[in-house]
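Each remark here refers to the structure printed beneath this line.
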Protein chains: 2
Amino acid sequence: MEFLQPDYRLRITKLQSLLQRQGIEALVVTSNVNLLYVCGEVFSGLAFIPQEGEAQFFLRRPQLHPESTTVHYVRKIEQITEHIDTASLRSVALELDEQSYSDIQRQRKLFPEAELHNATALLREARMVKTPLELEQIREGARRHVETYKIIPSLYRDGMTDRDLQIEIEREMRWHGSIGLFRCFGSAMEIFMGSLLTGDNAGAPSPYDFALGGAGTQALPLGANGTPLRQGQAVMVDMAGNYGVYYSDMTRTYSIGRLTDEAYRLHELSCAIHREVMQRAIPGTSCAALYNDSLHMAEEAGALPYFMGTELQAQFVGHGLGLQINELPVLMGRSKDCLQPGMVIAFEPKFVLPHIGAVGIENTYLVTETGVENLTPAPEAIIDLTQR
Amino acid sequence: MEFLQPDYRLRITKLQSLLQRQGIEALVVTSNVNLLYVCGEVFSGLAFIPQEGEAQFFLRRPQLHPESTTVHYVRKIEQITEHIDTASLRSVALELDEQSYSDIQRQRKLFPEAELHNATALLREARMVKTPLELEQIREGARRHVETYKIIPSLYRDGMTDRDLQIEIEREMRWHGSIGLFRCFGSAMEIFMGSLLTGDNAGAPSPYDFALGGAGTQALPLGANGTPLRQGQAVMVDMAGNYGVYYSDMTRTYSIGRLTDEAYRLHELSCAIHREVMQRAIPGTSCAALYNDSLHMAEEAGALPYFMGTELQAQFVGHGLGLQINELPVLMGRSKDCLQPGMVIAFEPKFVLPHIGAVGIENTYLVTETGVENLTPAPEAIIDLTQR
């Protein structure tokens, strides 16, 4: 029996055609996230993908597999030279953005004659357009995501802080199958299961490059910071998915009592941007246009000072997602990418209102042959948690 | 007012004396975990620590700070050259094990004339012995850790799986202040809040280099895998701390009904190894001896085939911890480290019994001037969850 199921063979083929196009002889995959991509498993070791022929898998620890000529057990990665003529390779792509300098130095020694290329860029490009199995898993995750959000109003109790409500949502996420762990791209990126923002904390800048910030805690300065949920405040829940292997992303806004008219107006503006910009997008639409059109609608409505933050404003309005929460494409002004069928994108035009909090919604969209499909359909209006 | 509080100045001084001893002119810190160490904050940017003189902090995003001559705002890290004569440095230590190859390549360009050294090794050495503030924070975290564990028996319900019980413990951890996020050393290491093992899953090998394994899920092959908690099984709870900024680590074993006599015997053996090996340790005791003496006691008791796993056996019996769950020293046969006052160590002699699960305990110990102090004192006997 083959180690690789058909969908993974498709992914290898896709990577091989990228290698061919770029004239790179082989690709080495060692990060957990990219091992999940190329074979559906995290293991200790490496995957070697030649420009042509079979991918080879070198495992440093016992894991159960069907008998396969492509799976080899080794004590250390240097032993791949017993199976592959690595010394004669003239070019190789290593995961330069995902692996440490020391790890790359060690891998590099296996290919003394090879010119070094960046496998991270190549893998991120391949992962940008999802395979059928990936879409199936994302759909199932998004479905669970929506189910979890239905429960949120019932979790609210008077006197809660942002953190209290987040803890109860985390538990529901776990009950609905979330693995909890958050995989992000970029060594400086960290987050714990998502973000819940209310009041002035919604505008607090954070060192992380997510759409919004929040003061968080000393150890993790992002998101909820213990702010009491008070009358007249918005509660933005952006607790992301990973209900299985793949992420979905979804934001809904709740309120404690009634908000100002301005808050409802900007929330409706976010929904309108979804309808006018994202849901009218088709394959070929440029990601820069999606950002610029959103920005333009915010500007027309006089809402630019609140768009994607106040003190610090994110320079993007959405992002690809899959095995990591922040994949390609990025919906930003300087993106060169255009939508392609099979891309999965979180779109999140949001507004931060001083003293009130953040408003707006985020959905996960699949780009189809003719447009986009919302994978996280759920009521979009602000739900008053005190009226449940 | 100074940006750095006195305890952080102590840390900088310690790092500077390591730089002096090794003849390295400067240290550059960019990882979140080591920024927390040198200044108590995660920020986007870098810290520059010269062998002598004031550490300088370069921030890429707004964060609130007292006026300080050592804090500078920059758009990109290349602008540090406007503040520091980086071109003339002949040696510099960068975080080669914690930062990506691409990040290091970019940082390296700032120091074109400098010989490159590994800051990770240096920082891990400095962090191995804790400062007074670190010890205060670890003590407080360990106290909350113990409080959380007291609640575990009340969380059990008939019919639960390992995962069900873990979810309820996670919630209690969060209510007791856990930040949730797990920081590990090593780019391949991942874990979500800890590990709960029962039955045959306790012996399942995992690709991660933790003390025990567990099949987990496809996306995160570690720990609980949905095994029902059944009569006659042990339930090992190793849900680690981070109740604040610092980790503590603690394992207790529970049971569903009565276990075999062998299970109680090996659990008592683990407690005896704590008493005979760890609690008799003093400054100067070698970490290799702590491992070898533990191994010897397991061997004398005929328990070697079950020690630290079955199919795959961990080659260590404990580890330092602090800002990450796996710090120095490592209690393993080939360690060259000896205990020093101020080290904090998790000691976890464990046994895996086929069909039953894992037994044994783990405590976090502080090495004092005269011995060790258990920071996680709590009943050590196996608690029957059906008898609560």
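Each copy carries A:Gln231; placing its label point 7 Å along the C-beta direction from Cα gives inter-copy distances of 5.7 nm, listed from smallest up. Per residue, chain B reaches -9000 deg cm²/dmol at 222 nm when only DSSP H runs of four or more residues are counted, each adding -39500 (n - 2.57).
With each label modelled as a point 7 angstrom along the Cα→C-beta vector, the B:Cys271-B:Arg258 pair spans 1.8 nm.
Summing charges over neighbours of B:Pro221, with a neighbour being any other residue whose Cβ is under 12 Å away from its Cβ, gives -1 when K and R count +1 and D and E count -1. What shape does the range B:140-295 have by the C-alpha gyration tensor, where a ≥ b ≥ c are the square roots of the eigenvalues, rounded means a/c under 1.5, and otherwise prolate means a/b greater than b/c and oblate the rest? Cα axes put the range B:140-295 in the rounded bin. Take each residue in B:150-159, count the other chain C-beta atoms within 10 Å of its C-beta, and the mean is 0. Copy-to-copy label distances for B:Pro6, where each label lies 7 Å from Cα along Cα-to-Cβ, are 7.0 nm in order of increasing length.
In the assembly of identical copies, B:Glu299 has its label point, taken 7 Å from Cα in the direction of the beta carbon, separated from the corresponding points by 7.6 nm (ascending, one decimal). Using a cut-off of under 12 Å, list every residue of the range B:351-381 whose amide N is near the label point 7 Å from the Cα of B:Arg230 along the Cα-to-beta-carbon line. Under cut-off, by backbone N: B:355-357.
Taking label points 7 Å from Cα along the Cα-to-Cβ direction, B:Glu373 and B:Tyr73 give a separation of 4.3 nm. Take each residue in A:216-227, count the other chain C-beta atoms within 10 Å of its C-beta, and the mean is 4.
The alpha carbon gyration tensor of the range A:174-215 gives principal lengths a ≥ b ≥ c with a/c of 1.5 or higher and a/b no greater than b/c, which makes the shape oblate. Please report the spacing between the Cα centers of the range A:316-342 and the range B:175-196 in Å, no decimals. After rounding, the separation between the Cα centres reads 28 Å. For chain B, the longest principal axis of the C-alpha atoms and the axis of helix B:6-22 are separated by about 80°. Could you go through the range B:154-171 in sequence order and give the Karplus-derived ³J(HN,Hα) for each residue, using 6.51 cos²θ - 1.76 cosθ + 1.60 with θ = phi - 60°, rounded to whole Hz, and x for Gly and Pro? Result, ordered by residue: 6, 8, 6, 10, 3, x, 5, 9, 4, 5, 4, 5, 4, 4, 5, 5, 4, 4 Hz.
Have a look at A:Thr253, A:Thr30, A:Thr86 and tell me which one the Gaussian network model of chain A (Cα, springs below 10 Å) gives the largest fluctuation. Answer for the Gaussian network model of chain A: A:Thr86. Taking the inverse of the mean 1/r over every pair of distinct Cα atoms in chain A gives a Kirkwood hydrodynamic radius of 22.0 Å.
Looking at the range A:6-126, the DSSP beta bridges with both ends there are about 45 percent antiparallel. Does anyone have the angle between helix A:287-300 and the longest principal axis of chain A? Alpha-carbon axes, 0 to 90°, nearest 10? In chain A, helix A:287-300 runs at an angle near 10 degrees to the longest axis.
Ranked from largest, the principal axis spans of the Cα set of the protein assembly as shown equal 78, 67, 62 Å. Coordinate range of the alpha-carbon atoms in the range B:81-150 per principal axis, descending: 56, 24, 22 Å. Taking Cα atoms only, the orientation of helix A:261-273 departs from the longest principal axis of chain A by about 30 degrees.
On the basis of the beta-carbon distance and an R0 of 22 Å, A:Arg334 and A:Arg108 show a calculated FRET efficiency of 0.10. Remark: mean inter-chain Cβ contacts per residue of A:89-98 equal 2, using a 10 Å Cβ-Cβ cutoff to other protein chain atoms. Give, as a single signed number, the net charge of other residues whose beta carbon lies under 11 Å from the beta carbon of B:Ala87, with Lys and Arg counted +1 and Asp and Glu -1. Residues close to B:Ala87 contribute a combined charge of 0. By the Cα gyration tensor, the range A:6-126 has an equivalent ellipsoid whose semi-axes, rounded to whole angstrom, run 19, 17, 14 from largest to smallest.
Here, each number is a calculation from the coordinates, and none is a lab measurement. The structure presented is a predicted model; accordingly, all values stated were derived computationally and were not measured. With ideal geometry, Cβ positions are generated from the backbone for all residues, glycine too; neighbour counts draw on all protein chains shown.
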